[in-house]
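Right, one structure below, let's go through it.
The values are calculated or read from the model by the stated rules, or taken from the named source; none is laboratory data. As the structure is a prediction and not an experimental result, all values here were calculated from the model. Here Cβ is always computed from backbone atoms with ideal geometry, including for glycine, and neighbour counts include all displayed protein chains. These accessible areas exclude ligands, DNA and RNA; they are computed on the full protein's heavy atoms, side chains included. Shrake-Rupley method; radii C 1.70, N 1.55, O 1.52, S 1.80 Å.
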Amino acid sequence: MGKLILYHGSPEIREHPEFGKGKSYNDYGKGFYCTEHIELAKEWACSEGVDGYANRYEIETDELKILNLSSPEYTILNWLAILMLHRQGRLSTTLAVRGREYLIQNFLPKFEDYDAIVGYRADDSYFSFARSFMSNEISLRQLGYAMRLGKLGEQFVLKSKKSFDAIKFLDYTVADNSVYYFKRKARDDEARAAYNKEIENEDLDGIFMRDIIREEMKSDDPRLR
């Protein structure tokens, strides 16, 4: 990857990201969550009525071990296994609970061995799409389609002390909540509307959570590609 410019959306100016901080129930656990896209960082920075900041950083990645969940050796189920390990959202069915256990046991990458993780960001709407898959309401194909809605992009998450030592604060840009809070809401509304339209079409030949458990599928199963 070489040298990257990253942005972190926050209600604060963050000149010195601190290793070991953050919420353990974020998508990838504790870490410093960034994006390569300043517009997304501005959206993430704002809450209603409160401006935020898009903090800009530079990081040299050549010496870092990076887990890229978008690379060909991984599927969306590897990402979902990490998400299910950390996120605290309630799973409403017995199948979903069984599915969570199955994914963690069979699809969870050894992400603790990496300095940083690149992968999807699960906003509230996207986490609800994931829960629909876990409950057997949508197929794997439909989940993959849903995660591309709204052009949410990927996040770059610093996980190790080494990665925190490698990042350098450059400057920041103010994010106007009167613009970016509503941009974020519009993106979410657009994704939900497209998702609702997609699931009107039943995927009769698709792979569902129940199929994955019943047929004991693993990460290398060609049917998941």
For the chain, what is the charge dipole size about the Cα centre, in debye to the nearest 20, if Lys and Arg each add +1 at the Cβ and Asp and Glu each add -1 at the Cβ?
-> 420 debye
Residue-span extension gain [residue 110 to residue 141] - 0.36 nm each, minus C-alpha spacing = 8.7 nm
Go through 42/161; 65/185; 3/30; 23/65; 159/183 and tell me which ones have a Cα-Cα distance over 31 Å in this structure.
-> 65/185
Between residue 207 and residues 5 or more places away or on another chain, the pairs with built amide H atoms under 5 Å apart involve 140, 141
Put a dot 7 Å past each Cα toward the Cβ at residue 71 and residue 221; how far apart are the dots in nm?
-> 2.4 nm
Label model pair residue 4, residue 205: point-to-point distance (7 angstrom along the Cα→beta-carbon line) in nm is 3.7 nm
Give the accessible surface of the range 122-225 per residue, rounded to a whole number of Å², with probe radius 1.4 Å and ligands, DNA and RNA excluded.
-> 54 Å²
Rank by packing, highest mean first: peptides 133-146, 196-209, 101-114, with packing defined as the count of other Cβ atoms within 10 Å averaged across residues.
-> 133-146, 101-114, 196-209
Based solely on its DSSP helices, what 222 nm [θ] is calculated for the chain when runs of n ≥ 4 H residues each add -39,500 (n - 2.57) and the sum is averaged over all residues, nearest 500 deg cm²/dmol?
-> -11500 deg cm²/dmol
Apportionment of accessible area to carbon and sulfur, the chain, percent (1.4 Å) = 46 percent
Would you mind calculating the relative contact order of the chain from Cα pairs under 8 angstrom and at least 6 residues apart, reporting the percent as a whole number?
-> 29 percent
For the range 33-51 and the range 154-171, write down the distance between their C-alpha centroids in whole Å.
-> 17 Å
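Size of the dipole of the range 120-168 about the Cα centre, Lys and Arg at +1 and Asp and Glu at -1 on the beta carbon, nothing else charged, in debye to 20? Numbers along the way, then the final one.
On the way: 9 positive and 5 negative charges, 56 e Å.
Dipole about the Cα centre, nearest 20: 260 debye.
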By its C-alpha gyration tensor, with a ≥ b ≥ c as the square roots of the eigenvalues, how is the range 141-225 shaped: rounded for a/c under 1.5, else prolate for a/b larger than b/c, else oblate?
-> oblate
Prolate/oblate/rounded label for the range 86-196 (Cα gyration tensor, a/c 1.5) | oblate
Taking +1 at the Cβ of each Lys and Arg and -1 at the Cβ of each Asp and Glu, which of 22, 35, 81 sits farthest along the dipole of the range 1-88 towards its positive end, judged by Cα position relative to the Cα centre?
-> 81
Among rounded, prolate and oblate, which fits the range 23-148 when a ≥ b ≥ c are the square roots of the eigenvalues of its C-alpha gyration tensor, a/c under 1.5 means rounded, and a/b larger than b/c means prolate?
-> oblate
The chain: mean projected area of Cα convex hull, nm² = 12.2 nm²
Could you give the size of the charge dipole of the range 115-225 about its Cα centre, using +1 on the Cβ of each K and R and -1 on the Cβ of each D and E, expressed in debye and rounded to the nearest 20?
-> 420 debye
